[in-house]
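Below is one structure, written out as structure tokens; comments come after it.
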Amino acid sequence: MPSLTDPLPHDPLGESPRVIGHYVGEENGPLVVAIGGIHGNEPAGVAALEQLFELLREEPLINPGFTFRGELLALRGNLEALRSGRRYIDTDLNRIWRHVVRGVDDSYPTVEARELDGMLAAIDNALVDSPVAEIVLLDLHTTTATGGVFSITGDDAPSLSLAAELGVPVIKGMLSGLQGTTLSYFRSGQYDLERPCRAVTFEAGGHTDPVSVDRALAATVNLLRSVGCVRDEDVSTHHEETLRTSNPGVPPVLELVYVHRLPAGGRHGFVMRPGYLNFQKINAGEILAEDADGPIAAPCAGYLLMPLYQNQGDEGFFIVQRYEGSASY
Ligand SMILES: [Zn+2]
């Protein structure tokens, strides 16, 4: 198994540094675009997709009846930031999808604008003369605090049911809490106006937890099964267990209720209090962090999500609560 600290493999499958692999099944179906490393300090998704392509190569040898419907395109996100192990170089690649300008010339305002164009070019390339009728985007991430394994998607029923199929808690309402994400770009139909597109973000756990790679792999396999690329009988049930045991006691559907945003261009001295975990229960008024103005208290009770324990990032923490609406999505 590749370790999380291995350097980027050079051309591991005869593809480009951008493309981990492009698997074309023998039957028509959706195009699943799986992206790892949109944040350069989150290599677990990349490692998981590399392992998946190893498995896809071996599968027909050990399981002669194996078939694949549709296509899987696996990409590395922020190549430059992955090389240096940083979240980003100039700006957060997962916050700049609001104003995407394609192929004007070769000059880009930021490293990340170039990376974004590189990803879209790889997807364009996969779609040339392709019969696929639907695009499904899976964006693989990890977090600084341990314990957070969940999925994020839009609040419409098809997206929520797809996210639920991954087998981890689904957080509603994150799309309106985060602007300019990869998820929102693909969901809004800006990439491809003709084909329907669903998109899900999967948070696999801590950045350096080796199990994050296993979870990202399990979630990708679950997604391939739920969109019909692979059949139930070809998927091992240990993928289900890997995910279902990762968040004991956390409700299956939760809703974003609060985001503690940091001021643009500076953190105003924000420091999270040590020891907080993803999905840790917190009380209203509990002091979670400090900044230059003093202590920062939780405005409401709930479960803490993505407390910021790294130097780069635009949000200090998120609070989610059990979703009390209809569970039938
Ligand atoms: Zn991330």
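The values are calculated or read from the model by the stated rules, or taken from the named source; none is laboratory data. These numbers come from a predicted model, not from an experiment. With ideal geometry, Cβ positions are generated from the backbone for all residues, glycine too; neighbour counts draw on all protein chains shown. Note: accessible area is taken over every heavy atom of the protein model, side chains too, but ligands, DNA and RNA are not part of it. Shrake-Rupley method; radii C 1.70, N 1.55, O 1.52, S 1.80 Å.
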> Can you tell me which residues in region 277-310 are in a loop (DSSP other than H, G, I, E, B), open to solvent by 50 Å² or more (accessible area, probe 1.4 Å) and hydrophobic (A, V, I, L, M, F, W, C)?
Replying inline: L277, A284, A292
> Name the pairs whose Cβ atoms lie under 8 Å apart, with the first residue in region 72-91 and assigned by TED's automatic domain parsing to the domain that holds N125 and in contact (Cβ under 8 Å) with a residue 60 or more places away in the chain, the second within 14 Å of the ligand (Cβ to nearest atom) and of a type in the set (K, R), and 6 or more positions between them or separate chains?
Replying inline: L82/R76
> Taking interchain pairs and intrachain pairs at least six residues apart, which have beta carbon atoms under 7 angstrom, with the first residue in region 20-39 and farther than 25 Å from T142 by Cβ and open to solvent by 40 Å² or more (accessible area, probe 1.4 Å) and the second modelled with pLDDT under 95 and among the hydroxyl-bearing types (S, T, Y)?
Replying inline: E26/T67; E27/T67
> Given the conditions (1) surrounded by 13 or more Cβ atoms within 10 Å (Cβ to Cβ); (2) in a loop (DSSP other than H, G, I, E, B), which single one is not true for P274?
Replying inline: (1)
>> Please go through (1) modelled with pLDDT under 80; (2) within 24 Å of A218 (Cα to Cα); (3) in the same structural domain as A298 (by TED's automatic domain parsing) for N278 and return the number of the only condition it doesn't satisfy.
In response: (1)
>> Tell me the residue from L116, L178 that is under 23 Å from N311 (Cβ atoms), within 16 Å of the ligand (Cβ to nearest atom) and surrounded by fewer than 22 Cβ atoms within 10 Å (Cβ to Cβ), please.
In response: L178
> Yes or no: E42 of a type in the set (D, E, K, R) and either more than 16 Å from the ligand (Cβ to nearest atom) or in a helix (DSSP H, G or I) (or both)?
Replying inline: no
>> From the list G173, G228, exactly one residue is open to solvent by 20 Å² or more (accessible area, probe 1.4 Å), away from the ligand (no atom under 16 Å from the Cβ), at positive phi and assigned by TED's automatic domain parsing to the domain that holds L120. Which is it?
In response: G228
> So which pairs qualify, if the first residue must be in region 118-133 and farther than 12 Å from A74 by Cα, the second must be at pLDDT 90 or above and of a type in the set (S, T, N, Q), the Cβ gap must be under 9 Å, and the two must be at least 6 apart or on different chains?
Replying inline: P131/N28; V132/N28; A133/N28
>> Which of the numbered conditions does T144 fail, given that it passes all the others? Conditions: (1) crowded, with 19+ Cβ neighbours inside 10 Å; (2) at pLDDT below 90; (3) touching a helix residue (DSSP H, G or I) at 6+ places or on another chain (Cβ under 6 Å).
In response: (3)
>> Residues to consider are V168, V128; find the one that is more than 15 Å from the ligand (Cβ to nearest atom), out of contact with any Ser or Thr (no Cβ under 8 Å at 6 or more places or on another chain) and hydrophobic (A, V, I, L, M, F, W, C).
In response: V128
